[in-house]
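S.K.: First the structure, which I've put down as structure tokens, then a few questions once you've had a look.
The values are calculated or read from the model by the stated rules, or taken from the named source; none is laboratory data. Everything numeric in this text was worked out from a predicted model, so none of it was measured. Methodologically, a virtual Cβ is constructed for each residue, glycine included, from the backbone with ideal geometry; neighbour enumeration extends over all protein chains shown. The area values use the complete protein model at the heavy-atom level, side chains included, leaving out ligands, DNA and RNA. Shrake-Rupley method; radii C 1.70, N 1.55, O 1.52, S 1.80 Å.
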Amino acid sequence: MSRESERLDLLSALSRKALWLSSWTIHHANHIRPNSDGLKVGGHQASSASLATIMSALYFAVLRPEDRVAVKPHASPVFHAIQYLFGRQSRDKLENFRGFKGAQSYPSRTKDTDDVDFSTGSVGLGVAQTLFSSLVQDYVKSHGWMKDRTEGRMIALVGDAEMDEGNIFEALLEGWKHGLRNTWWVVDYNRQSLDAVVREGLWEKFETMFRNFGWDVVIVKYGRLMQAAFTEPGGEALKRWIDNCPNQLYAALCFQGGAAFRKHLEDEIGDQGVVSQLIARRSDEALLALMSNLGGHDMASMVGAFEAIDHNRPVCFIAYTIKGVGLPFQGHKDNHAGLMTVAQMEKWRAAQNIRAGHEWDKFEGLTQDPAALEAFLAEVPFNRGGQRRLSADVLDVPDRLAFTPAAVMSTQQGFGLVLNELARGDSALASRIVTASPDVTVSTNLGAWVNRRGLFARAERADLFRSEKIPSTFNWEFSPKGQHIELGIAEMNLFILASALGLSHAINGERLLPIVTLYDPFIERGLDALNYACYQDARFMVVATPSGITLAPEGGAHQSIATPLIGMAQDGLASFEPAFVDELAAIMGWGFRHMQAEAGGSLYLRLSTRTVDQPQRIMTSELQRDIVEGAYWLRQPGPNAEAIVAYTGAVASEAIEAVGFIGESRRDVGLLAITSADRLHAGWTAARRLRRDRRGVQHLSHIEKLLAPLPRDCGIVSVIDGHPATLGWLGSVRGQRLEALGVERFGQTGTIGDLYRASGIDANAIIDAAESLTAGAPVLHRKMAV
Ligand SMILES: Cc1ncc(C[n+]2csc(CCOP(=O)(O)OP(=O)(O)O)c2C)c(N)n1
Ligand SMILES: [Mg+2]
């Protein structure tokens, strides 16, 4: 055997093994493992089989340690099987596939222990993640931080129906704008989705589109068996038949087997001559092997296609496959959740010479010499680099972030001032900040930062307005050292870029501190991508501004209601809504530390364009700590408080004003400034859990301590420019009556006063609520505007 055919022989053997192990993993979870709640595994077996050869070609031959892969969610069992063969996945975890702490149903960076580069699950997102990771690698390289590391290829294994997801197309466009390199997308063209068989000719649409965006497109349609058959007499007719066969029929015949193919071929192209002979020379079994030898199932074709790439332009491989190949339900349109019965599995096991009880043995049933297989695995290039998950040092963050104070300003302005101050300096911290915004750079106040730090592009590009001497407030030159990444409007791209930037320490070994800005309501447009970024523990700061009905004249289409609840509910994201700029500076400082901490996370800052009087005060370390924990008393309640007002964000002025009025006829009224409903609530939950789990522990959470001095019958009025449920839980902390004010309906255009009044979050509404919670003389109200 030549060296190459020996290599292909070993690769094919390992690929068969990966398919076996993935199927056995699924079978085990369904039929053997006790207590699986009768929940059957869906959508894994057929999808995994479809990719077994392609993934084996990649992992066992083509990948290098610096390459990073997003594996299609349902190919998780093959991924785990390959890692098992590498010795990086335990039998325990495979036996517990989809079980508690077992190998994950969908590859997970944080939960799996076998070297998952990018999590996948919500289809489309992992695909875009590879594209943005490649741009981030370019960013790191352009800034001179690659050191001696080799550029990696970012590779996604994509389902053909996954390509329906719009975010992939949004990413494609953005990639083109930024001169994307080093990215491979391998489309598993099995022409099946979950429910259906895909439209005819889809590949042509893909091909044209990818070429349009400057990608190389490689179509791997025929395996070596097919290619050989095409050279036989009658082979051309066979090829034509294959090319013209509708997807549905091809899939159905693969399911039915060799005899069904024979009947169709004879009826449709049988000529009593060379074509009939070509068919007749093959047994049913051989005919099925031939007809299912599509490129994506042929090791030589796949390795050949991958290894032929000699450039770093992005490449889309369209690899023809059969969903469920080799399994009893191959090609069947209902096979997405298909499972082998115990009897079918027994038959398949026997056919592969796997002895009962030896199902997990690495090389069981293979005819190759185990020593040769072991030696081959030890030499796989992918494994030669050692640890693939990298880390980076923690950057120093000053105790206090500076800004130029003004008596009256908005938190959005303050954000610009803090960044401007960082941009003016030369700290290591500032050098690692990367900003990005989906076409709202100026309107979210990043202008000053960008003026100082510049836009990022791999090649210099001058600001023509500047060279033409046309006055502009913004001096925007693109350079490889720029620190702002200009994005198009697609918010999904923003969050996936944040995800890629926010994993740079692990992927590139170089820490980046991404700050991404957008209008608050459009968080919802990118929400799944934001969730995805948090799920894989990327670290970033989202600055969302303006927000709520406070951007009054903009109207209901631009106002946000649900985002404070999103901020509370999103795991991995600490959410804040400061009212004053000194609070914001304290939060950002803490945020940069939180983004770098082992057990830290990302941040969401909900800001406003409303200018408010800034408190003249000294930021003590206690105040700073309270702000970060989520609340402090802006006006301390007295010992016999009858009512307190708890507010968040831009309605601070209304709350302050209302407390003045309420205080005239109610005792000891307090004003609680809530900077983070999220952190407060999380602290409260954690304290209860701790007390329950470790009886006798006296730990009180921040909110419990703050509310402790209040009498039990003290009423609480909460108010926020957002959904009232955000603060509604405060009444449960100590069992006090609470009236939650907030916004529940789409807003409209108007002044802030108009809209606050209409939504019941103005000073009078707060006074009304306090009155209804307390006994006593009527409270004087604020004068109505005339
Ligand atoms: C955003 C999202 N929507 C729906 C699903 C459910 N889902 C999982 S796989 C799948 C179909 C996948 O088809 P394809 O991409 O062609 O992969 P194949 O199963 O053919 O391998 C669907 C709809 C999902 N995982 N994510
Ligand atoms: Mg498919």
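S.K.: Within the group Ala237, Ala252, Ala196, which residue is more than 15 Å from Phe317 (Cβ to Cβ), small (Gly, Ala, Ser) and more than 37 Å from the chain's Cα centre (by Cα)?
M.R.: Selected residue: Ala237, the only one of Ala237, Ala252, Ala196 that is more than 15 Å from Phe317 (Cβ to Cβ), small (Gly, Ala, Ser) and more than 37 Å from the chain's Cα centre (by Cα).
S.K.: Every residue in region 80-98 that is out of contact with any helix residue (DSSP H, G or I) (no Cβ under 7 Å at 6 or more places or on another chain) and either surrounded by 21 or more Cβ atoms within 10 Å (Cβ to Cβ) or over 25 Å from Thr150 (Cβ atoms) (or both), please.
M.R.: Matches in region 80-98: Gln83, Ser90, Arg91, Asp92, Lys93, Asn96.
S.K.: Same structure again: Please go through (1) closer than 25 Å to Ile26 by Cβ; (2) within 16 Å of ligand 1 (Cβ to nearest atom); (3) among the small types (Gly, Ala, Ser) for Gly102 and return the number of the only condition it doesn't satisfy.
M.R.: It is condition (2) that Gly102 fails.
S.K.: Let me ask something else about it. From the set of residues in region 123-154 that are within 16 Å of ligand 1 (Cβ to nearest atom) and among the hydrophobic types (A, V, I, L, M, F, W, C), which is farthest from Ala457 (Cα to Cα)?
M.R.: Looking at residues that are within 16 Å of ligand 1 (Cβ to nearest atom) and among the hydrophobic types (A, V, I, L, M, F, W, C), I get Val123.
S.K.: Residues Ala770, Ala740: which one is touching a Gly at 6+ places or on another chain (Cβ under 7 Å) and in a helix (DSSP H, G or I)?
M.R.: From the options Ala770, Ala740, the qualifying one is Ala770.
S.K.: Mind listing whichever residues of region 194-226 are open to solvent by 40 Å² or more (accessible area, probe 1.4 Å), among the aromatic types (Phe, Trp, Tyr) and within 16 Å of ligand 2 (Cβ to nearest atom)?
M.R.: The answer is Trp203, and nothing else.
S.K.: Also, I was wondering about something else. Trp176: more than 9 Å from ligand 1 (Cβ to nearest atom) and either crowded, with 18+ Cβ neighbours inside 10 Å or at pLDDT below 95 (or both), yes or no?
M.R.: no
S.K.: Specify the residue that is farthest from ligand 2 (Cβ to nearest atom); the eligible residues are those in region 12-67 that are modelled with pLDDT of 95 or more, in contact with a helix residue (DSSP H, G or I) (Cβ under 7 Å, 6 or more places away or on another chain) and in a loop (DSSP other than H, G, I, E, B).
M.R.: Per the stated criteria, the residue is Pro65.
S.K.: For Ala740, state whether it is small (Gly, Ala, Ser) and either in contact (Cβ under 8 Å) with a residue 12 or more places away in the chain or in contact with a His (Cβ under 6 Å, 6 or more places away or on another chain) (or both).
M.R.: yes
S.K.: Right, next: Just to check your reading of the model, which residue among Ile309, Ile354, Ile322 is more than 33 Å from the chain's Cα centre (by Cα) and assigned to a loop (DSSP other than H, G, I, E, B)?
M.R.: Ile354
S.K.: Pro34: free of Cβ contacts under 8 Å to residues at least 24 places away in the same chain and not small (Gly, Ala, Ser), yes or no?
M.R.: Judged against the criteria, Pro34 is a match.
S.K.: Go through (1) of a type in the set (A, V, I, L, M); (2) surrounded by fewer than 21 Cβ atoms within 10 Å (Cβ to Cβ); (3) in a loop (DSSP other than H, G, I, E, B) for Leu327 and report which single condition fails.
M.R.: (2)
S.K.: So in region 197-251, with the set limited to residues that are in contact with a helix residue (DSSP H, G or I) (Cβ under 6 Å, 6 or more places away or on another chain) and basic (Lys, Arg), which one is farthest from Thr53 (Cα to Cα)?
M.R.: The qualifying residue farthest from Thr53 (Cα to Cα) is Lys239.
S.K.: Those residues that are under 21 Å from the mean Cα position of the chain (by Cα) and basic (Lys, Arg), I need them from region 600-615; list them, please.
M.R.: Of everything in region 600-615, just one residue is under 21 Å from the mean Cα position of the chain (by Cα) and basic (Lys, Arg), namely Arg606.
S.K.: Every residue in region 155-170 that is within 12 Å of ligand 1 (Cβ to nearest atom) and closer than 22 Å to Ala49 by Cβ, please.
M.R.: Across region 155-170, the qualifying residues are Ala156, Leu157, Val158, Gly159, Asp160, Ala161, Glu162, Met163, Asp164.
S.K.: If you don't mind, another one. Of Ile309, Ile318, Ile354, which residue is in contact with a strand residue (DSSP E or B) (Cβ under 7 Å, 6 or more places away or on another chain) and away from ligand 2 (no atom under 16 Å from the Cβ)?
M.R.: Sole residue among the options that is in contact with a strand residue (DSSP E or B) (Cβ under 7 Å, 6 or more places away or on another chain) and away from ligand 2 (no atom under 16 Å from the Cβ): Ile309.
S.K.: To continue, here is another question. Among the residues of region 106-117, which ones are buried (at least 19 other Cβ atoms within 10 Å of the Cβ) and more than 15 Å from ligand 1 (Cβ to nearest atom)?
M.R.: Arg109, Asp112, Asp114, Val116, Asp117
S.K.: I'm trying to understand the selection: among the residues of region 379-432, which are at pLDDT below 95 and assigned to a helix (DSSP H, G or I)?
M.R.: Asn383
S.K.: Please go through region 124-151 and give me each residue that is touching a Lys or Arg at 6+ places or on another chain (Cβ under 8 Å) and crowded, with 22+ Cβ neighbours inside 10 Å, ordered by number.
M.R.: Scanning region 124-151 gives Gly126, Thr130, Ser133, Ser134.
S.K.: Still on this structure: Among the residues of region 705-723, are any within 35 Å of the chain's Cα centre (by Cα) and either surrounded by fewer than 20 Cβ atoms within 10 Å (Cβ to Cβ) or without any contact (Cβ under 8 Å) to a residue 40 or more places away in the chain (or both)?
M.R.: No, the conditions are met nowhere in region 705-723.
S.K.: A further question on this structure: Within the group Asp571, Asp537, which residue is closer than 30 Å to Lys141 by Cβ and open to solvent by 30 Å² or more (accessible area, probe 1.4 Å)?
M.R.: Asp537
S.K.: Can you tell me which of Ala103, Ala70, Ala75 is buried (at least 23 other Cβ atoms within 10 Å of the Cβ), closer than 21 Å to Pro34 by Cα and at pLDDT 95 or above?
M.R.: Ala103
S.K.: Quick check on this structure: which one of Phe210, Phe230 is in contact with a Cys (Cβ under 6 Å, 6 or more places away or on another chain), more than 16 Å from ligand 1 (Cβ to nearest atom) and either assigned to a loop (DSSP other than H, G, I, E, B) or of a type in the set (Phe, Trp, Tyr) (or both)?
M.R.: Going through Phe210, Phe230 in turn, just one is in contact with a Cys (Cβ under 6 Å, 6 or more places away or on another chain), more than 16 Å from ligand 1 (Cβ to nearest atom) and either assigned to a loop (DSSP other than H, G, I, E, B) or of a type in the set (Phe, Trp, Tyr) (or both): Phe210.
S.K.: Another one. Have a look at Ile549, Ile561, Ile587 and point out the one that is in contact (Cβ under 8 Å) with a residue 60 or more places away in the chain and touching a strand residue (DSSP E or B) at 6+ places or on another chain (Cβ under 9 Å).
M.R.: Ile587
S.K.: Further, regarding this structure: For region 432-451, which residues satisfy the criterion of being surrounded by fewer than 21 Cβ atoms within 10 Å (Cβ to Cβ), small (Gly, Ala, Ser) and either more than 19 Å from Leu497 (Cβ to Cβ) or in contact with a helix residue (DSSP H, G or I) (Cβ under 8 Å, 6 or more places away or on another chain) (or both)?
M.R.: Gly447, Ala448
S.K.: Could you run through region 600-648 and say how many residues are basic (Lys, Arg) and over 30 Å from Thr110 (Cβ atoms)?
M.R.: Counting residues in region 600-648 that are basic (Lys, Arg) and over 30 Å from Thr110 (Cβ atoms) gives 3.
S.K.: Continuing with this model, one more query. Going residue by residue through region 510-523, is there one that turns out to be among the hydroxyl-bearing types (Ser, Thr, Tyr), open to solvent by less than 20 Å² (accessible area, probe 1.4 Å) and at negative phi?
M.R.: Yes, the conditions are met somewhere in region 510-523.
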